[in-house]
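Pasting in a structure now, in structure tokens, and then I'll have a few things to ask.
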Amino acid sequence: MLKGIDPLLGPELLAVLRAMGHGDEIAIVDGNYPALTDAKRLVRADGHGVVPVLRAVLSVLPIDEAVPEAIFRAVNAKTPDKPDAVHSEIEAVVAELEPAHSVVPVAPAEFYARVKAAHAIIATSEPRFYANVILRKGVVGY
């Protein structure tokens, strides 16, 4: 345990987040996502949902300020124009911790391609469908 570090951020996840460079993306995905198949690097967050993991990651990860869009979420393929409850929860966490950013909904094909290209995937046990989010890392100024 470390002071001031969310306990959901284990050694492996902290190492992955620290190793990411400016512009690298990390996906936090639900329990149904084929994370092992798609991941360049896979970090397991078994027993945890997407929203608490997102909150923990945003507590330490700077979000990219150099691009107009840096936080993305999946959409429900059946109702792409209507956010699911989990999407509203994701947006609420982002509004609280990264108020300068909005969450951009991304169509399934583009979202899956972006996850496959991500630096890493965090696989959660989230049971809700389409509970997936991508964060683009920024920089820490001096």
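So which trypsin sites (Lys or Arg not before Pro) in segment 1-105 pass both tests, a DSSP loop state and at most 10 other Cβ atoms within 10 Å of the Cβ?
Filter output for segment 1-105: LYS3, LYS40, LYS78.
Which whole-number value in Å³ per residue fits the convex hull of the alpha carbons of segment 61-139?
Residue-normalised Cα hull volume stands at 102 Å³.
Looking at the chain, do any whole DSSP H helices span at least 24 angstrom along their long axis by alpha carbon and average -1.0 or above on Kyte-Doolittle, and which?
Membrane-span-like by this rule: not one helix.
Restricting to bridges with both residues inside the chain, how much of the DSSP beta-bridge set is antiparallel, in percent to the nearest 5?
40
Something else about it: Under the definition of Cα pairs under 8 Å and six or more residues apart, what whole-number percent is the relative contact order of segment 1-70?
40
How large is the helix-only mean residue ellipticity at 222 nm for the chain, computed as the sum of -39500 (n - 2.57) over DSSP H runs with n ≥ 4, divided by its residue count, in deg cm²/dmol to the nearest 500?
-9000 deg cm²/dmol
Given the options PRO68, PRO83, PRO127, state which has the largest fluctuation in a GNM of the chain using a 10 Å cut-off (strictly under) for Cα springs.
PRO68
Related question: Considering the chain as a Gaussian network with a 10 Å cut-off on Cα pairs, which listed residue, VAL60, VAL51, VAL29, attains the greatest mean-square fluctuation?
Comparing VAL60, VAL51, VAL29 in a Gaussian network model of the chain, the most mobile one is VAL60.
What aspartates and glutamates sit close enough to LYS137 to cross-link, taking a C-alpha to C-alpha distance under 15 Å and skipping anything fewer than 8 places away on the same chain?
LYS137 reaches ASP24, GLU25, ASP64, GLU65, GLU69, GLU98.
Keeping all protein chains in place, calculate the accessible area per residue for segment 1-119 (probe 1.4 angstrom), answer in Å². Show your work: numbers first, answer last.
Working: 6320 Å² over 119 residues.
Here the residues of segment 1-119 average 53 Å² of exposed surface.
Sorted from largest down, give the three principal axis spans of the alpha carbons of the chain, whole angstrom values.
Per principal axis, max minus min of the Cα coordinates gives 43, 31, 25 Å.
Of all the accessible heavy-atom surface of the chain, with the other protein chains kept in place and a 1.4 Å probe, what percent is carbon and sulfur?
Carbon and sulfur atoms account for 57 percent of the accessible area of the chain.
Using the Cα centre of segment 1-42 as origin and beta-carbon charges of +1 (Lys, Arg) and -1 (Asp, Glu), tell me which of ALA39, VAL16, MET1 is placed farthest towards the positive end of the dipole.
Projecting each Cα onto the dipole axis, the largest value belongs to MET1.
Between ALA35, ALA74, ALA117, where does the largest GNM mean-square fluctuation fall for the chain, given springs only between Cα atoms within less than 10 Å?
Its mean-square fluctuation being the largest, the pick is ALA117.
The values are calculated or read from the model by the stated rules, or taken from the named source; none is laboratory data. In this text the structure is predicted, and so the values were computed from the model without any measurement. Using ideal geometry, Cβ is built from the backbone for each residue, glycine included, and neighbour counts are taken over all protein chains shown. SASA here: full protein model, heavy atoms, side chains in, ligands and nucleic acids out. Shrake-Rupley method; radii C 1.70, N 1.55, O 1.52, S 1.80 Å.
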